[in-house]
Amino acid sequence: MTLHTPMAAFQAALPAEHARLLRYFRRRVGRDAAPEFVQEAFARLFGSGPLERIDNPPAYLTRIARNLLIDRARQKKRDCATVFLFDGNRDAATRADQTWRIEAADLLRVYRQALRNMPPKTRRVFLLHRLRRMTYKQIADHVGISIATVEYHMMRALASCRAAIAEHS
């Protein structure tokens, strides 16, 4: 029996290709997983369409095998999750609630002092925006000034707050 077509030659070489791929995958993924990878490689080969259109089936099969390994590496990278064991006896270093409350009260005192030191119009614009949640346009209409003037007073108020906090720190 003579083999006249490349496809017939490949079909005759299938057992040898199977053994070659099995060795290839055993070296790369281990003895247990290798048969599954070989099966997947052949499934992709036969699922890719008519085999007659493939010029070099062994090379194509090798490319499929490499792609399977690349897919596996990507999957491992995606599935890599960091796990931290929970130790109920160990707490993270946190400040005591009392310390936080004292600092919050200090900060509130600094803000109130900064508000008292602001010019009346700047204080009014700032409070309308921060407490009543009014937009710059609404403040401009309410107070009877332009939006640019509202922006100016807000910049002054924020600068005053920043300076008070910097002074406190």
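The values are calculated or read from the model by the stated rules, or taken from the named source; none is laboratory data. This structure is a prediction, so every number in the text was calculated from the model and none was measured. FYI the Cβ positions are ideal-geometry reconstructions off the backbone, even for glycines, and counts take in every protein chain you see. Note: areas computed on protein heavy atoms with side chains; ligands, DNA, RNA excluded. Shrake-Rupley method; radii C 1.70, N 1.55, O 1.52, S 1.80 Å.
Cβ-Cβ contacts under 7 Å between residues 6 or more apart (or on different chains), taken from a first residue in the stretch 29-46 that is within 15 Å of residue 70 (Cα to Cα) to a second residue that is open to solvent by 90 Å² or more (accessible area, probe 1.4 Å) and assigned to a helix (DSSP H, G or I), are listed as 34/26.
For beta carbons closer than 6 Å, sequence separation of 6+ or different chains, a first residue in the stretch 113-130 that is under 20 Å from residue 147 (Cβ atoms) and a second that is in a helix (DSSP H, G or I) and among the hydroxyl-bearing types (Ser, Thr, Tyr), the qualifying pairs are 118/160.
For the stretch 12-57, the set of residues classified as farther than 16 Å from residue 72 by Cα and among the polar types (S, T, N, Q) consists of 48, 56, listed by residue number.
Looking only at the stretch 123-138, count every residue that is polar (S, T, N, Q) and assigned to a helix (DSSP H, G or I) and tell me the total.
Just the residues of the stretch 123-138 that are polar (S, T, N, Q), to begin with: 135, 138.
Subsequent filtering for residues that are assigned to a helix (DSSP H, G or I) retains 138.
Qualifying residue count for the region: 1.
Taking the criterion of being open to solvent by 70 Å² or more (accessible area, probe 1.4 Å), under 20 Å from residue 114 (Cβ atoms) and either modelled with pLDDT under 95 or β-branched (Val, Ile, Thr) (or both), the only residue of the stretch 134-164 that qualifies is 162. Restricting attention to the stretch 58-97, the residues that are at pLDDT below 80, more than 22 Å from the chain's Cα centre (by Cα) and assigned to a helix (DSSP H, G or I) total 1.
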